[in-house]
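Right, one structure below, let's go through it.
Each reported figure results from applying straightforward, stated rules to the coordinates on display, with no laboratory input. Here the structure is a predicted model, which is why all the values come from computation and not from measurement. Please note: Cβ atoms are built from the backbone with ideal geometry, for glycine as well, and neighbour counts cover all protein chains shown.
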Amino acid sequence: MEKETYIFSMDKKEIINLLQVRGKEQKQLHAKAARIRQEHVTDNVYFRGLIEFSNICMNDCYYCGIRKSNRTITRYTLSEKEILSCVDFCNTAGYSSVVLQSGERENQSFIDYITHISQTIHQKYPEMAITLCIGELHNESYQQLFDAGVERYLLRIETTNENHYKKLHPEEMSFKNRINCLTTLKKIGFQVGTGVMIGSPYQTLQNLAEDILFMKEFAIDMVGMGPYIPHQEALISATIDKEESIQLSLNMIAVLRILMPDINIAATTALQALNPVGRELGLKAGANVIMPLITPEKYRQSYKLYEGKPCLDESDGQCLTCITSRIQNIGLVPAFNKRGDSLHFKKREEITSLC
Ligand code: 5AD
């Protein structure tokens with residue numbers, strides 16, 4: 001069979017068209033993205049054990065269930081011992097990467113706490129890749145965390161349209177600062193991840209196409225994006241239906257894979273919240289990363305960013321069995337004991353070292 005030649009660029013109009021395909025054309029789009037995934041980053045699906053270690057947040061994003069003015073949840077921060085026991089589970093399970101995620105809190109004692117924990121993880125499990133997802137910080141804090149052995153950082157931009165950003169966030173939050181943070185993270189040397197919510201209020205197809213072009217232009221290494229899901233304590237409600245936001249999310253993954261063949265793309269939990277096989281659909285549309293929830297069960301209810309969060313009462317061991325068979329059932333390979341660094345990042349580093 002003749003080898004397909006892939007074109008890794010598209011204009012906005014083409015992207016908008018592809019985001020809208022359904023039926024047979026949509027199947028073809030996903031199949032093409034899956035082929036590209038296989039050729040560039042293999043059939044491996046990498047694990048990132050997700051530890052939601054604190055729901056304390058100083059921000060008030062209108063869409064988010066843990067925003068500071070939601071007084072209906074119990075706030076918590078895991079102790080060092082609790083975090084290390086989660087990491088220990090990941091190590092035993094063969095998940096070679098952990099994601100430490102929390103609400104946003106820029107104060108030195110918090111940064112020092114995470115620094116110390118990162119150093120401990122790094123010393124105890126030198127093969128374990130640490131990813132942080134703790135929001136916008138000062139440049140010095142990012143550097144401090146990088147020096148402590150954190151190699152990857154996820155900061156979702158949520159939307160790359162400044163006006164749209166303003167509609168989703170309170171006035172004191174700044175789109176420009178978020179972009180500056182992403183730029184700083186890249187300069188420091190992190191593998192940088194971002195992402196957007198799909199189907200969020202006021203969003204247009206044009207916005208989504210621009211989001212994809214932004215990721216390409218910014219040369220992002222990892223992406224986590226999924227459907228917007230309302231939360232009962234959120235200040236804004238959904239404007240498109242559930243099925244539509246799933247289909248749009250899947251097409252976003254597929255188009256991004258076609259345009260950025262060697263990045264890591266997560267099949268996010270939000271997909272599974274809307275469809276029991278949502279993560280499998282994400283993998284079939286070109287994603288190559290999955291994030292099993294490792295947060296201790298007693299805290300999971302208190303880290304609900306949106307309604308219908310799945311796996312709230314599943315033990316870590318049950319999750320491991322479930323997720324392994326789900327990946328195998330769709331013909332992909334659960335990549336145990338593999339860090340799965342972003343190939344895109346590795347190439348970026350090689351180019352920098354040549355310059
Ligand atoms: N629906 C979907 N995703 C959400 N997030 C926050 N609230 C919601 C919601 N209601 C996502 C944001 C954030 C990530 C941690 O979770 O994109 O960056």
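Brief remarks follow.
- Looking across the range 86-97, just one residue is closer than 12 Å to Thr120 by Cβ and touching a residue at least 40 places away in the same chain (Cβ under 8 Å), and that is Val87.
- Test: residue in the range 162-172 that is within 18 Å of Asp221 (Cα to Cα) and of a type in the set (Phe, Trp, Tyr): no
- Flag if Pro227 is farther than 20 Å from Arg37 by Cβ and within 14 Å of the ligand (Cβ to nearest atom): yes
- Note on the range 143-170: residues that are among the hydrophobic types (A, V, I, L, M, F, W, C) and away from the ligand (no atom under 12 Å from the Cβ) total 4.
- Number of positions in the range 187-232 that are in contact (Cβ under 8 Å) with a residue 24 or more places away in the chain and assigned to a helix (DSSP H, G or I): 14
- Within the range 116-148, tally of residues that are surrounded by fewer than 18 Cβ atoms within 10 Å (Cβ to Cβ) and among the hydroxyl-bearing types (Ser, Thr, Tyr): 2
- Unique match (being in contact with a helix residue (DSSP H, G or I) (Cβ under 9 Å, 6 or more places away or on another chain), away from the ligand (no atom under 15 Å from the Cβ) and within 23 Å of Thr324 (Cβ to Cβ)) among Pro276, Pro292: Pro292
- Verdict on Gly135 being in contact (Cβ under 8 Å) with a residue 60 or more places away in the chain, over 30 Å from Glu217 (Cβ atoms), assigned to a loop (DSSP other than H, G, I, E, B) and under 21 Å from the mean Cα position of the chain (by Cα): no
- Close Cβ contacts (under 6 Å, 6 or more residues apart or on different chains) running from residues in the range 61-76 that are among the polar types (S, T, N, Q) to residues that are away from the ligand (no atom under 13 Å from the Cβ) comprise Thr74/Ser302.
- One residue from Ile51, Ile56 being closer than 26 Å to Pro296 by Cβ, in contact (Cβ under 8 Å) with a residue 12 or more places away in the chain and touching a helix residue (DSSP H, G or I) at 6+ places or on another chain (Cβ under 8 Å): Ile51
- Qualifying residue in the range 295-302 (condition: touching a helix residue (DSSP H, G or I) at 6+ places or on another chain (Cβ under 9 Å) and not in a loop (DSSP other than H, G, I, E, B)): yes
- Within the range 233-270, restricting attention to residues that are assigned to a loop (DSSP other than H, G, I, E, B) and of a type in the set (Ser, Thr, Tyr), the residue that is farthest from the ligand (Cβ to nearest atom) is Thr239.
- Any hit, the range 282-294, residues being surrounded by fewer than 17 Cβ atoms within 10 Å (Cβ to Cβ) and in contact (Cβ under 8 Å) with a residue 12 or more places away in the chain: no
- Subset of the range 20-66 (residues that are surrounded by fewer than 22 Cβ atoms within 10 Å (Cβ to Cβ), more than 20 Å from Val333 (Cβ to Cβ) and β-branched (Val, Ile, Thr)): Val21, Ile56
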